[in-house]
Amino acid sequence: MEDSSIAFRELRINDQIRVPSIRLFDDTNEEALGIVTIAEAQQIAQERGLDLVEVAPQAQPPVCRLMDYGRFKFEALKREKDARREHNSSRLKEMKLRPKISEHDFQTKYGYVRHFLEEGDKVKLTIMFRGRELVHQEIGRALLDRLAEEVKDVAQIERSPLVEGRNMIMILNPVSKKLSKGGASNHAEDPHPQGNPEAVPPVGDG
């Protein structure tokens, strides 16, 4: 059966469908009715109290489905709205690190990175090279790889390490939204136990 993800605004329904014959499916019971004339399909739709919806006009013959079109449109709009809300809720946080960062500072910044990811935010990790440090890019790469490994349970790499000017940048994407609120992950170390992390400016250069 054809993909149902086609945008509802592109679909023709009922009397708008003007082709001699179609391949027909009933979405309500997944029944394949085979190739029928458009008149037969419209009669079946009327008898079953459903709409005849053209979902694949380019197929030979075109593919139509019997469905409750009003409900289909409502659910399509709801999915689009939810997708937009999900997209807009994700923010990009930045964490800056120096190649010669101390273990204590690394753990502190790791705590922030994990928290941001668990809140559903993307994180841009920036290694800042100074002077001749740029010659030893492998140190920055190892640092980014270590951070990615530490948070692999809550994040995936969206953009692999790439040098831009005197910086090396990697972007991490949370595996799901609001992990901490959903209970999927609660890290033992809270990087900001007495306040909102949003009030803390992007952590500096270590």
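The values are calculated or read from the model by the stated rules, or taken from the named source; none is laboratory data. Given the structure is predicted, the values throughout are model-derived calculations rather than measurements. Counting neighbours? That spans all protein chains shown, and the Cβs are built from the backbone with ideal geometry, glycine included.
Quickly run through the stretch 23-42 and pick out the residues that are among the aliphatic types (A, V, I, L, M) and either on the phi > 0 side of the Ramachandran plot or surrounded by fewer than 17 Cβ atoms within 10 Å (Cβ to Cβ) (or both).
A32, L33, I35, A39
Given the residues V53, V123, which is the only one that is at pLDDT below 95, assigned to a strand (DSSP E or B), within 31 Å of the chain's Cα centre (by Cα) and outside the structural domain of N173 (by TED's automatic domain parsing)?
On inspection, the qualifying residue turns out to be V53.
Taking interchain pairs and intrachain pairs at least six residues apart, which have beta carbon atoms under 6 angstrom, with the first residue in the stretch 59-73 and outside any strand (DSSP E or B) and the second surrounded by 18 or more Cβ atoms within 10 Å (Cβ to Cβ) and acidic (D, E)?
P62/E54; Y69/D51
Counting only residues that are assigned to a loop (DSSP other than H, G, I, E, B) and not small (G, A, S), which one in the stretch 94-114 is surrounded by the fewest Cβ atoms within 10 Å (Cβ to Cβ)?
The initial filter retains those residues of the stretch 94-114 that are assigned to a loop (DSSP other than H, G, I, E, B), namely 98-102.
Imposing the further condition that a residue be not small (G, A, S) reduces the set to 98-101.
Working: R98: 19, P99: 20, K100: 11, I101: 17.
That would be K100.
Identify all residues within the stretch 45-62 that are of a type in the set (A, V, I, L, M) and either over 21 Å from K73 (Cβ atoms) or exposed (fewer than 13 other Cβ atoms within 10 Å of the Cβ) (or both); write none if there are none.
Across the stretch 45-62, the qualifying residue is only A59.
Does L117 meet the test of being crowded, with 20+ Cβ neighbours inside 10 Å, assigned to a strand (DSSP E or B) and at pLDDT 90 or above?
Taking the combined requirement at face value, the residue does not satisfy it.
Can L179 be described as of a type outside the set (F, W, Y) and at pLDDT 90 or above?
Criteria not met by L179.
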